[in-house]
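Student: Sharing a structure, written as structure tokens. Questions coming.
Bear in mind these aren't lab numbers, they're just calculated from the coordinates by the rules spelled out. Quick caveat, the model's predicted, so the values are computed rather than measured. Every residue, glycine as well, gets a Cβ built from its backbone with ideal geometry; the counts of neighbours run over all protein chains shown.
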Amino acid sequence: MKTVTNRILKVLLGGVIFFLGFALDTQATAQSLPNGGFETGNLSGWTSGSINNGSVSVVTEGTCWSSFDTRGITMPGVYAANVRSSGPAPTDSVGILTSNSFVASKGVSFYALSERSSPLQANPVNFVVNILAVPSGNIISTQIVGTNLITISQFCNAGPVGPNWIFSNHSIDTSAVFGQNIQIEFRQNTNISGLGFFTLVDRVRRIP
């Protein structure tokens, strides 16, 4: 009961903070895509896909949803999308997350965070963001994005919760197709064969 109450309070507090940011921050005028923060707790408004058993899921803050202890990750809301390669993690295993169609504005912003197993791994995943034309699905633009990286060294429930890691904030320019129907697509695969890492995606918004 306490956990549920804490989550409700966090959602309410997040709404207040977002409202204040909306009034004070120029970037906060961005308009969230339908379920762009995944706060429904599912992938409504999005389509998941995969190549060679990659996966996409929605994960919950404060829970262990990976092999290593993810309880210390602070999300922008309660939920985030987890895009990743499969557990065996061949480098050609790709998780794919694609939005429903929306009208292009000046750009799209989003938060992201990727895992690594050692601080020495500067490039553990290949995280690609595509802008797709509708209805053809052709790629209008593609960009490899380097996110903030976290290193988790302990297994789930093995000890104290780790630190609060910070998501990086990114934006994709869509001004060249302003007013057209587009989709945004996130693709992730590991760069290190045999090591499957996650990339979290959250708060996907249109920049007016």
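Student: In the list 112, 133, 158, 104, which residue meets the criterion of being among the hydrophobic types (A, V, I, L, M, F, W, C) and touching a Leu at 6+ places or on another chain (Cβ under 8 Å)?
Tutor: Only one candidate qualifies: 112.
Student: What tally of residues in segment 100-122 results from selecting those that are free of Cβ contacts under 8 Å to residues at least 12 places away in the same chain and either touching a Phe, Trp or Tyr at 6+ places or on another chain (Cβ under 8 Å) or not in a loop (DSSP other than H, G, I, E, B) (or both)?
Tutor: Result for segment 100-122: 0.
Student: Anything in segment 43-64 that is buried (at least 18 other Cβ atoms within 10 Å of the Cβ), closer than 18 Å to residue 190 by Cα and not hydroxyl-bearing (Ser, Thr, Tyr)? List them, or say none.
Tutor: Within segment 43-64, 54, 56 meet the criteria.
Student: Let me ask something additional. Could you grab the pairs with beta carbons closer than 6 Å, sequence gap of 6+ or different chains, first residue in segment 179-194 and within 19 Å of residue 112 (Cβ to Cβ), second one of a type in the set (Ser, Thr, Tyr) and part of a strand (DSSP E or B)?
Tutor: Listed pairs, sorted by first residue: 183/98; 183/99; 184/99; 185/98; 188/199.
Student: Could you tell me which of the residues 151, 142, 174, 91 is surrounded by fewer than 17 Cβ atoms within 10 Å (Cβ to Cβ), over 28 Å from residue 66 (Cα atoms) and not acidic (Asp, Glu)?
Tutor: On inspection, the qualifying residue turns out to be 142.
Student: Please go through segment 176-208 and pick out each residue that is among the hydroxyl-bearing types (Ser, Thr, Tyr), farther than 15 Å from residue 59 by Cβ and either in a loop (DSSP other than H, G, I, E, B) or under 12 Å from the mean Cα position of the chain (by Cα) (or both).
Tutor: Within segment 176-208, 193 is the sole residue that qualifies.
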